[in-house]
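The values are calculated or read from the model by the stated rules, or taken from the named source; none is laboratory data. Not measured: the values here are computed from a predicted model. Here the Cβ is made from the backbone with ideal geometry for all residues, glycine too, and neighbour counts use every protein chain on show. Only protein heavy atoms, including side chains, enter the accessible area calculation; ligands, DNA and RNA are left aside. Shrake-Rupley method; radii C 1.70, N 1.55, O 1.52, S 1.80 Å.
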Amino acid sequence: TWFLDEVLDAPLDAEGAAQVGEALREATEPTALLPHGRCVVVIAHSPDVALSLRPDVHYAVNAGRLTRV
């Protein structure tokens with residue numbers, strides 16, 4: 001499992017975030033060593049970054065309330 005906490009928010013523009021998103025998606029693909037793939041958890045404050053990652057599951061926290069988007 002990879003955890004990325006806010007590492008994509010400030011340094012990347014939309015194109016860079018999309019490229020990183022593609023690389024992270026590839027990291028979740030099953031392989032011979034990881035037949036179920038890898039779990040990647042990204043914490044982002046930027047909605048643009050979060051959506052550019054094309055998440056399989058997307059949660060948002062608003063006013064302390066967790067909701068599935």
What percentage of the solvent-accessible surface of the chain, computed with a 1.4 Å probe over protein heavy atoms, is contributed by carbon and sulfur atoms?
57
Listed highest first by mean packing, meaning other Cβ atoms within 10 Å per residue, what order do 38-51, 3-16 come in?
38-51, 3-16
For the chain, what does the accessible surface come to per residue with a 1.4 Å probe? Please give it in Å².
76
For the chain, the longest principal axis of the Cα atoms and the Cα long axis of helix 14-27 enclose an angle in degrees, to the nearest 10, of 40
